[in-house]
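Trainee: Before I ask anything, here is the structure I am working with.
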Amino acid sequence: MPYFLFTLLGFVLGSTLFAYWIPKLLKNIDICTLPDDHNPGVSNAFMYGGFLCGMLSLICELAKGFIPVYLGQKCLDINSLLFVPVLVAPVFGHAFPFLQKQKGGKAITASFGVLLGLFPELHPAVYLAFFFIFFSVVVIINPHSLRSILTFGFFAFNVLLTIKTASIQIGCFIIAGIVIYRHLIKHNNRPVRISILHQR
């Protein structure tokens with residue numbers, strides 16, 4: 001029962017699309033209709049809602065992944081496979097929200113929140129941050145959807161190789177699968193451009 005309650009909390013928080021609702025409430029802007037990708041994400045909240053909407057969205061989107069996982073690991077056995085749904089629920093809820101299935105997001109920020117919630121085990125969060133920066137700054141890949149697919153693919157691979165806790169391995173693998181799926185269905189066959197940073 002405790003595992004179910006934390007999973008339910010994560011799904012409910014995940015299904016609350018803060019990056020959609022904050023610009024909607026503060027600026028009366030529907031960020032799902034303005035950008036080409038129709039994504040209720042933090043980057044669009046910044047772009048179309050401004051700094052305040054973007055920062056509030058970022059904090060809330062991180063928190064909805066962080067809170068159920070961090071509290072869950074304090075109350076539950078993180079080594080149990082029953083902890084896997086606790087890890088996955090916020091990301092799944094964001095990608096497939098209960099009341100807004102057609103407006104589900106790509107779940108990148110929620111994924112970071114979940115991984116930060118594993119504190120003091122921060123290796124998965126570091127892996128995700130490293131590959132996100134690597135494919136954004138060093139080997140620059142466009143479009144963004146393909147960059148995210150590679151980022152989460154390499155992230156999951158490294159977690160499987162280096163993290164010994166099975167629940168974290170499986171949870172991260174499923175999270176990567178959800179994010180990759182969301183990006184694949186929004187990729188729209190855009191042309192791929194790859195460039196490597198040159199030092200002067």
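The values are calculated or read from the model by the stated rules, or taken from the named source; none is laboratory data. The structure presented is a predicted model; accordingly, all values stated were derived computationally and were not measured. We place every Cβ from the backbone using ideal geometry, glycine too, and count neighbours over all the protein chains shown. Side chains are part of the model used for accessible areas, which takes the heavy atoms of the whole protein and leaves out ligands, DNA and RNA. Shrake-Rupley method; radii C 1.70, N 1.55, O 1.52, S 1.80 Å.
Trainee: From the helices alone, meaning DSSP H stretches of at least four residues, give me the mean residue ellipticity at 222 nm for the chain, per-run term -39500 (n - 2.57), in deg cm²/dmol to the nearest 500.
Mentor: Calculated mean residue ellipticity at 222 nm is -20500 deg cm²/dmol.
Trainee: 7 Å from Cα along Cα→Cβ at both E121 and L71: what's the point-to-point distance in nm?
Mentor: 2.1
Trainee: Whole-Hz ³J(HN,Hα) for each residue in region 69-86, computed from phi via Karplus 6.51 cos²θ - 1.76 cosθ + 1.60 with θ = phi - 60°, x for glycine and proline: what do you get?
Mentor: Residue by residue, region 69-86 yields 6, 5, 5, x, 6, 7, 10, 10, 8, 5, 7, 6, 5, 5, 7, 4, x, 5 Hz.
Trainee: Given H placed on each backbone N at 1.01 Å, which residues far from N39 in sequence or on other chains put an amide H within less than 5 Å of it?
Mentor: Here the answer is none, since no amide H 5 or more places off falls under 5 Å of that of N39.
Trainee: Okay, moving on. Full extension from V12 to L184: what is 0.36 nm times the residue separation minus their Cα-Cα distance, to one decimal in nm? The partial results should precede the final answer.
Mentor: Numbers: separation 172, 0.36 × 172 = 61.92 nm, distance 2.45 nm.
Net length gain for the segment: 59.5 nm.
Trainee: Can you tell me which lysines have their Cα less than 23 Å from the Cα of K106? Leave out same-chain residues fewer than eight positions away.
Mentor: Within reach: K24, K27, K64, K186.
Trainee: For the chain, what is the accessible area per residue in Å², given a 1.4 Å probe and the full set of protein chains? Walk me through the numbers before you get to the answer.
Mentor: Numbers: 10190 Å² over 200 residues.
Result: 51 Å² per residue.
Trainee: Using a Gaussian network model of the chain with C-alpha springs under 10 Å, which one of G117, G177, G104 is most mobile by mean-square fluctuation?
Mentor: G177
Trainee: Using a 1.4 Å probe on the protein chains only, how many percent of the accessible area of region 1-131 belongs to carbon and sulfur? Walk me through the numbers on the way to the answer.
Mentor: On the way: 4630 of 6160 Å².
Summing carbon and sulfur atoms, their accessible area is 75 percent of the total for region 1-131.
Trainee: Sticking with this structure for a sec: Given labels modelled 7 Å from the Cα in the Cβ direction, how far is it in nm from A166 to N142?
Mentor: Calculated label separation equals 4.5 nm.
Trainee: Tell me, in nm to one decimal, what length is gained between L82 and L26 on full extension, where the rule is 0.36 nm per residue of separation less the Cα-Cα distance?
Mentor: On the way: separation 56, 0.36 × 56 = 20.16 nm, distance 3.85 nm.
Answer, rounded to one decimal: 16.3 nm.
Trainee: Right, something else. What does the charge dipole of the chain about its Cα centre add up to, to the nearest 20 debye, if the Cβ of each Lys and Arg holds +1 and the Cβ of each Asp and Glu holds -1? Display every interim value, and only then the final one.
Mentor: Details: 14 positive and 6 negative charges, 73 e Å.
Charge dipole, the chain, about its Cα centre: 360 debye, nearest 20.
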